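Data block below; observations after.
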Amino acid sequence: MKPGKAKLGLMLVEDTPSLQMLYRTVLRKAGFDPICASTGAEAQQLFATERPPVVLLDLVLPDCDGLTLMTEMLTEAPETRVIVITANGSVAKAVQATRKGAFDFLVKPLGDLRMIGAVANAMTEYQAITQRGGKGISRALKSRHDAFVARSDVMQQVNTVIAAVARSNAPVFIIGPSGSGKAACAEMIHLRSSRATKPLIQVDCGLPDALALEAILFGTGAQSDITGQSAIERARGGTLFLRNPHKLTPQLQGRLLSVLNTGQSGEAHSSAAPVDIRIISAARQDPLDAIRAGELEEALYYRLFVLPLTLPPLHARPEDLPAIAEQFLGEIAQQEGKPFRRITPEALVLLQSQPWEGNLHELRNVLRQAVVLHEGPDLTPGMLPLAPKAPQLTATQAVQAAPVMLDLDSALSGMTMAEIEARAIRAAIARNGGSIPRAAQELDIAPSTIYRKRDDWEKTTH
Amino acid sequence: MFPSRLDTAVLASLVEMGGEELRLQLLADLRACEDGLKTLCCLSPETATGTTPQTAHLLHTLRGIAMTIGAATLVQSCIEAENLGHAVGRAALVQSLVAVLQECALVRAQIEQCPDVNA
């Protein structure tokens, strides 16, 4: 008997008497002393009186659904670590449980070591959560929360999913367009998990140099001496955040799969102990597309894509934009030493009318440009390098405004190349509401090119 | 010599760990499942078409025990019966449950023959 383990309570909920007896025996031999329930009602009663920090729960019970019971327990005591037990063939249900906040799942027949390991991990995690109280983590978490403004329904749902998956140890796969906050989301999951005191290591698998990537990720290969300890080793006990895992070469995908299957990092100087890491992956596209394109090994997909989380683009949540913009403005103003205090309502309208194809990154860049070039304290529409939204036309106006198709060759005949170029650029500037950066974007040239050419035209006309 | 209906090494290790008490409980649980399924087979056709929640629960319990003792054929029989679903006719259901009961009886007989570790 190991009294240290027995101090923390453990409840075993299993309705088959022989299996309950077997699991109890295994747990007792490992030093745990579980209280046992054979029905959902009995489990509810014991949970209310004993409040065990860790629960081993069979998902199929005679009088209630195990998932419902788990949800009730987590609502009452969110810090509880629930390990669900399921029969082989019902793994989909176990995955569903994990998505709803289960810490881990075990598939019958239960291996002794696997069961004991899961319980021990759950106990350790419970202790870490209830004892850490780290102010640094709280501050970091608050900062991330602020960056993850969720007034819109869609983002509130995302936050609910984040809270649920943070309790689990299972791999998370974040899908979202560029700039939608995938890294911030990964950081929030990490900070809200019991691994928050351990490292969060990020690796961009899209690095073009496969040798460098091998050295960074696995600590092996020709460049391993340069990079030092592998990301996998550095993430021990914490979280490994993999961006674009489908961009790994087939060989490196195989090695990653091997690490996930065996728990061995494969690094020459690594400890023999299994690597305890939680994997969070992120990509712009659904990884199924990468499988179809032959970029991602199916076996690796199933190891990484357990808990999916989809982030919406910024234009899909306009309600969140004012708060996000205010927050970005405050941060940027502080960094740049400018006294910006607020965004005027007119500027907010302009901001909300934009498509924001670059999402949060683009919004931040636009605000930074405004702050750097102006003094504040108010951020007005004129400071924003954005085009006003085109007014909605009536059907008649739309017909009248429809472009008249001309023979381009005829229209341009007699003009010099400089005149054609000037005309094209001026038209692009007009189409973009006077915004040179946007006109440059449309024409796929640098804004400085337009500024230079504009100076040249002015010199010519004077 | 009949082929083994379960993984004897697994059963031996379970009995070594849980003792005679566990062996007897395994037998009691298997018998309880058998009795429950027999009762369902004998119900009138009007009250027992398709896999009812009670049938499903008994099959699930039996499958969990079978997996634990390495009774692969019994696991398979249970899965086949579980997969019949709600819309299946009574004849097909009973036929499937009978197959489960036959295999369960064989497994139970083998556990009964397992030597008593306390003896």
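Of the residues in segment A:23-39, how many are more than 20 Å from B:E20 (Cα to Cα), surrounded by fewer than 21 Cβ atoms within 10 Å (Cβ to Cβ) and in contact with a Leu (Cβ under 8 Å, 6 or more places away or on another chain)?
Total meeting the criteria: 4.
So that you can scan it fast, the table gives a plain yes or no per residue for (1) out of contact with any strand residue (DSSP E or B) (no Cβ under 9 Å at 6 or more places or on another chain); (2) crowded, with 17+ Cβ neighbours inside 10 Å; (3) modelled with pLDDT under 85; (4) not assigned by TED's automatic domain parsing to the domain that holds A:N169:
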position	(1), (2), (3), (4)
A:C205	no, yes, no, no
A:S224	yes, yes, yes, no
A:A235	no, yes, no, no
A:P250	yes, no, no, no
A:S265	yes, yes, yes, no
A:P274	yes, no, yes, no
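Look at segment A:416-435 and say how many of its residues are open to solvent by less than 70 Å² (accessible area, probe 1.4 Å) and at pLDDT below 75.
4
Out of the residues in segment A:66-89 meeting the condition of being within 12 Å of another protein chain (Cβ to nearest Cβ) and open to solvent by less than 60 Å² (accessible area, probe 1.4 Å), tell me which one is nearest to A:P109 (Cα to Cα).
Filtering segment A:66-89 for residues within 12 Å of another protein chain (Cβ to nearest Cβ) gives A:66, A:85-89.
Now narrow it down to the ones that are open to solvent by less than 60 Å² (accessible area, probe 1.4 Å): A:66, A:85-87.
Numbers: A:G66: 18, A:I85: 10, A:T86: 9, A:A87: 7 Å.
Among those that are within 12 Å of another protein chain (Cβ to nearest Cβ) and open to solvent by less than 60 Å² (accessible area, probe 1.4 Å), it is A:A87.
Considering only segment B:37-60, state which residues are open to solvent by less than 20 Å² (accessible area, probe 1.4 Å) and modelled with pLDDT of 85 or more.
Of all residues in segment B:37-60, those open to solvent by less than 20 Å² (accessible area, probe 1.4 Å) come to B:37, B:40, B:48, B:50-51, B:55, B:59-60.
Those that are open to solvent by less than 20 Å² (accessible area, probe 1.4 Å) and modelled with pLDDT of 85 or more: B:L37, B:T55, B:L59, B:H60.
Looking for whichever is over 28 Å from B:G19 (Cβ atoms), out of contact with any helix residue (DSSP H, G or I) (no Cβ under 6 Å at 6 or more places or on another chain) and either open to solvent by 20 Å² or more (accessible area, probe 1.4 Å) or not β-branched (V, I, T) (or both) here; the options are B:V98, B:V94. Which one fits?
Details: B:V94 fails: out of contact with any helix residue (DSSP H, G or I) (no Cβ under 6 Å at 6 or more places or on another chain).
Answer to the selection: B:V98.
Restricting attention to segment B:53-76, report how many residues are away from chain A (no Cβ under 11 Å) and within 9 Å of the chain's Cα centre (by Cα).
1
A:Q20: more than 20 Å from A:E125 (Cβ to Cβ), open to solvent by less than 60 Å² (accessible area, probe 1.4 Å) and touching a strand residue (DSSP E or B) at 6+ places or on another chain (Cβ under 9 Å), yes or no?
Numbers: more than 20 Å from A:E125 (Cβ to Cβ): yes; open to solvent by less than 60 Å² (accessible area, probe 1.4 Å): yes; touching a strand residue (DSSP E or B) at 6+ places or on another chain (Cβ under 9 Å): yes.
Against the criterion (more than 20 Å from A:E125 (Cβ to Cβ), open to solvent by less than 60 Å² (accessible area, probe 1.4 Å) and touching a strand residue (DSSP E or B) at 6+ places or on another chain (Cβ under 9 Å)), A:Q20 qualifies.
Going by the structure shown, is A:P391 out of contact with any Ser or Thr (no Cβ under 8 Å at 6 or more places or on another chain), open to solvent by 30 Å² or more (accessible area, probe 1.4 Å) and at pLDDT 85 or above? Full working, then the answer.
Values: out of contact with any Ser or Thr (no Cβ under 8 Å at 6 or more places or on another chain): yes; open to solvent by 30 Å² or more (accessible area, probe 1.4 Å): yes; at pLDDT 85 or above: no.
The answer is no for A:P391.
If you take just the helices (runs of 4 or more DSSP H) that sit entirely in segment A:314-383, which of them hold at least 3 residues that are under 22 Å from the mean Cα position of the chain (by Cα)? Explain how you work it out, then say what you get.
Values: elements: A:321-336, A:345-352, A:359-373.
Because the criterion is at least 3 residues that are under 22 Å from the mean Cα position of the chain (by Cα), the helices (runs of 4 or more DSSP H) in segment A:314-383 that meet it are A:321-336, A:359-373.
Being in a helix (DSSP H, G or I) and either at pLDDT 90 or above or buried (at least 19 other Cβ atoms within 10 Å of the Cβ) (or both) is the filter here, so list the residues in segment A:1-17 that pass it.
Restricting attention to segment A:1-17, the residues satisfying the condition of being in a helix (DSSP H, G or I) are A:3-6, A:17.
Once the filter is applied, which keeps residues that are in a helix (DSSP H, G or I) and either at pLDDT 90 or above or buried (at least 19 other Cβ atoms within 10 Å of the Cβ) (or both), segment A:1-17 yields only A:P17.
Taking segment B:1-36 as the search range and keeping residues that are more than 19 Å from A:Q20 (Cβ to Cβ) and within 12 Å of chain A (Cβ to nearest Cβ), which one is most open to solvent (accessible area, probe 1.4 Å)? Can you show your working first?
Restricting attention to segment B:1-36, the residues satisfying the condition of being more than 19 Å from A:Q20 (Cβ to Cβ) are B:1-9, B:12, B:34-35.
So of that shortlist, the ones also within 12 Å of chain A (Cβ to nearest Cβ) come out as B:6-7.
Values: B:L6: 11, B:D7: 66 Å².
So, considering only residues that are more than 19 Å from A:Q20 (Cβ to Cβ) and within 12 Å of chain A (Cβ to nearest Cβ), the one most open to solvent (accessible area, probe 1.4 Å) is B:D7.
I'm trying to understand the selection: among the residues of segment A:26-52, which are closer than 16 Å to A:L67 by Cα and within 14 Å of chain B (Cβ to nearest Cβ)?
A:S38, A:T39, A:G40
The values are calculated or read from the model by the stated rules, or taken from the named source; none is laboratory data. This structure is a prediction, so every number in the text was calculated from the model and none was measured. Counting neighbours? That spans all protein chains shown, and the Cβs are built from the backbone with ideal geometry, glycine included. Side chains included, ligands, DNA and RNA excluded: accessible areas come from the protein's heavy atoms. Shrake-Rupley method; radii C 1.70, N 1.55, O 1.52, S 1.80 Å.
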